[in-house]
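To start, the structure itself, in structure tokens.
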Amino acid sequence: MKILTCPVNGPRPVSEFAYGGEVREMPDPDRATDDEWADYVFNRNGNPGVKKEWWHHLASGVWFIAERDTLKDEIRRTYLHGRESAR
């Protein structure tokens, strides 16, 4: 069983979580061109490596960031948004 560590609730089965997508900076909607907005909405970096991803613990409603190595399928660390400390 895969385990993911919620920064609030500790280690939990991965089945208790939902993937929320890669952490990416959103362009300013008032200044972005149509091409920049389309790139943000539709394009993702699919190269293997370490990604920062949003995850949601379904039982508690906690959203947090996981740094996941997609090549090795390993979670490096998890933390709440705005708090870079690893748990």
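A short reminder: the numbers here are calculations on the coordinates, not readings from a lab. Keep in mind the model is a prediction, meaning the values are calculated, not measured. Don't worry about glycine lacking a Cβ; one is built from the backbone with ideal geometry, like all the others, and counts go over all protein chains shown.
Count, please, the residues in segment 48-87 that happen to be among the acidic types (Asp, Glu) and more than 12 Å from the chain's Cα centre (by Cα).
Restricting attention to segment 48-87, the residues satisfying the condition of being among the acidic types (Asp, Glu) are 53, 67, 69, 73-74, 84.
Retained after the next criterion (residues that are more than 12 Å from the chain's Cα centre (by Cα)): 73-74, 84.
Count: 3.
For segment 76-84, does any single residue satisfy the condition of being of a type outside the set (Ser, Thr, Tyr), closer than 19 Å to Glu16 by Cβ and part of a strand (DSSP E or B)?
Among the residues of segment 76-84, at least one is of a type outside the set (Ser, Thr, Tyr), closer than 19 Å to Glu16 by Cβ and part of a strand (DSSP E or B), which makes the answer yes.
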